[in-house]
Amino acid sequence: MREYIKLLLSTLIALSLLLFSWIKFYDISCVATIFPIVILAIISYGVIEVRMQERRCFRRCYFKENSIISKLLLSKILVTILSFLFSILITFTIIYSVIDFSLNWWLYLIFHTMVSTFLYLTILKKSTSIIKEPYNRIFAKEWSGYIMLLIIIPTFIYSSLNGYLPLYLDNNLEQTMINSLTTISSSCNSIDYILKSLREIDAILWWLILNSTTNIEPIWLKWFIWIGFIIYNSLTLLGINRLIVEVVHIVNSLIISKSNLDKSS
């Protein structure tokens, strides 16, 4: 219990400093870009770490070492680039979405972090007898993340169906986009461009969702719009979930390293 509380509090402090600092400074100065960079570094490090291990296992099991497919598809450079691009995408969705999070969502994230920490430690302890030592912490991180996705996605769908519509919505799409751009801004040009671009995408999706129930007759098209809406927003959920488990993983590694250092001294 003491180990769980220590890891949970350290994780909550790290996440709070990172996310609330971004929300506090994103509209003031370009210095705020340091926070998305830190988020990107955390996520990309974790994703690349996992993909590299999967690459080694995949290559060892299926491909001959000197085959063209082995060299091309499973090269370190390609795996790193694809993982980094994916990390950039979900980092953008995180920094955009947390700006509009309600109090209920912040409370949910505390709950999500609590359960993620518990799962991580539980899987870590149980996996020591079946997973090789270098990989058991990665295994615990990935599976706690997969399990928590099963919780956060239904939560998001419920909140979307029962939540309030954005105030910028209008019957006219062009007016909706104009209204949406006035709801978010930053004095830093690069941050402002990214946030406004994401707001435009969000506005278009919300307008389509709103009008699909009244103006669009084909059922397949309505389903296509809803599926697109869920997939787009799932990137945010995937990003938030990934960020939490990565911070839990990193903080736990630091605690273990400090403990081992204290013992050796």
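The values are calculated or read from the model by the stated rules, or taken from the named source; none is laboratory data. Model, not experiment: these values are computed from the prediction. Every residue, glycine among them, receives a Cβ derived from its backbone with ideal geometry; neighbour counts consider all protein chains shown.
Observations
- Residue in the range 143-154 that is of a type in the set (S, T, N, Q), at pLDDT 80 or above and either assigned to a helix (DSSP H, G or I) or in contact with a helix residue (DSSP H, G or I) (Cβ under 8 Å, 6 or more places away or on another chain) (or both) present: yes
- Some residue of the range 207-220 being at pLDDT 85 or above, of a type in the set (Val, Ile, Thr) and crowded, with 17+ Cβ neighbours inside 10 Å: no
- Among the residues here, Tyr120 does not qualify as in a helix (DSSP H, G or I), within 25 Å of Trp226 (Cβ to Cβ) and modelled with pLDDT of 85 or more.
- Selection of the range 125-141 for residues being part of a helix (DSSP H, G or I) and over 16 Å from Met52 (Cα atoms) yields Lys125, Lys126, Ser127, Glu133, Ala140.
- Top-ranked residue in the range 11-31 [being at pLDDT 90 or above and small (Gly, Ala, Ser); ranked as farthest from Leu254 (Cα to Cα)]: Ser21
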